[in-house]
Amino acid sequence: MRNAMDYPAVVFVSTLVAMSLSALIGASLLRRVKALTAESREDFNVVQAATLTLLALMIGFSFSMAVGRYDQRKNYEEEEANAIGTEFVRADLLPAADAQQVRTLLGHYLEQRVLFYTTRDVQELEQINTATAQLQSGLWAAVRDAAGAQPTPVTALAVAGMNDVLNSQGYTQAAWWNRIPIAAWGLMVAIAVCCNLLVGYGARSAKVGLTLLLVLPLVVATSFALIADIDSPRGGIIRVSPINLVATARSLRPG
């Protein structure tokens, strides 16, 4: 099931509409209920500044979380490519027949890992995960049988390398599941709505209110869309490219 934040364009449009409506409500409805007086203007400015500062901190922390998760996905892609390349070389430590089987399976496994990073289709992703699990079982069975037939420290290196290959895929999957919590998104949206209400309510004239109605919601919506884009592994424009896996696949091709 796809996360709602996997669609940054939808996040941008929905946030822009919600923030604009909030500012409009503050500028029209709230001011009709109780207009600001000269005596309360100074206290209101303090509350407004504090709320906007809190929103800025929330956006900054969320952006930092998204960038950290993006970097984590990039690092695990590199580690996975290194583990597969190392195990392909360590296959020489196994008997000839087992080594050939491991290399063939690793080639197919590498293809599935590249597809895992590039696909956006949910059904195709399920097929990739199924094929990956089957290949992992075949790879482990191949080195397990070879180690069982010749239990030497040399074959143990091949087994350890295969363990790294399997573990790296698990770490990658965990990193792709590690997203900004929905509760954090909800809190950030709630603070943004309050800020736009206050900005609309505190506008001194209809002209100034209209300007703020266009500027602040646009800035907030752009920030939310950028955070959602970076945090989404498959949605949006900013995604992790399997450049290391592709380079490893090219280096392992015969000739």
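Each value in this text was obtained by applying a stated rule to the coordinates, not by laboratory testing. None of these values were measured; they are calculated from a predicted model. All Cβ positions, glycine included, derive from the backbone under ideal geometry; neighbour counts span all protein chains shown.
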- request: Note the angle between two axes, namely the Cα long axis of helix 38-90 and the longest principal axis of the Cα atoms of the chain, as a number of degrees from 0 to 90, rounded to the nearest 10.
  value: 10
- line: Stokes-Einstein, Kirkwood over Cα pairs, region 4-201, 10 °C, 1.306 mPa s; D in µm²/s equals 75
message: Can you tell me the length gained on complete extension of the stretch Gln127 to Lys74, counting 0.36 nm per residue apart and subtracting the Cα distance?
response: 16.8 nm
- prompt: Sorted from fewest to most neighbouring beta carbons within 10 Å, what does the list Glu87, Glu42, Glu124 look like?
  reply: Glu42, Glu124, Glu87
Cα shape, region 1-121, gyration tensor, a/c 1.5 rule: prolate
- prompt: Expressed as an acute angle from 0 to 90° and rounded to the nearest 10, what is the orientation of the C-alpha long axis of helix 96-118 relative to the principal long axis of the chain?
  reply: 10
- line: With Cα springs under 10 Å, the Gaussian network model of the chain assigns the largest mean-square fluctuation among Gly186, Gly138, Gly60 to Gly186
- line: PRE zone check, label point 7 Å out along Cα-to-Cβ of Tyr171, amide N under 17 Å, scope region 74-106, hits 74-88
field: Fully extended contour minus Cα-Cα distance, from Ser14 to Thr118, at 0.36 nm per residue
entry: 34.7 nm
- request: Work out the FRET efficiency for Ala247 and Asp92 from their Cβ-Cβ distance, taking R0 = 25 Å, and round it to the nearest 0.05.
  value: 0.75
Förster radius 35 Å - calculated FRET efficiency between Val67 and Gln100, Cβ distance, rounded to 0.05: 0.25
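Sort Val246, Val193 by Cβ crowding within 10 Å, fewest neighbours at the top.
Fewest to most other Cβ atoms nearby, the residues stand as Val246, Val193.
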task: Give the Kirkwood hydrodynamic radius (Å, one decimal) of region 61-109, defined as one over the mean of 1/r across all pairs of different Cα atoms.
output: 12.7
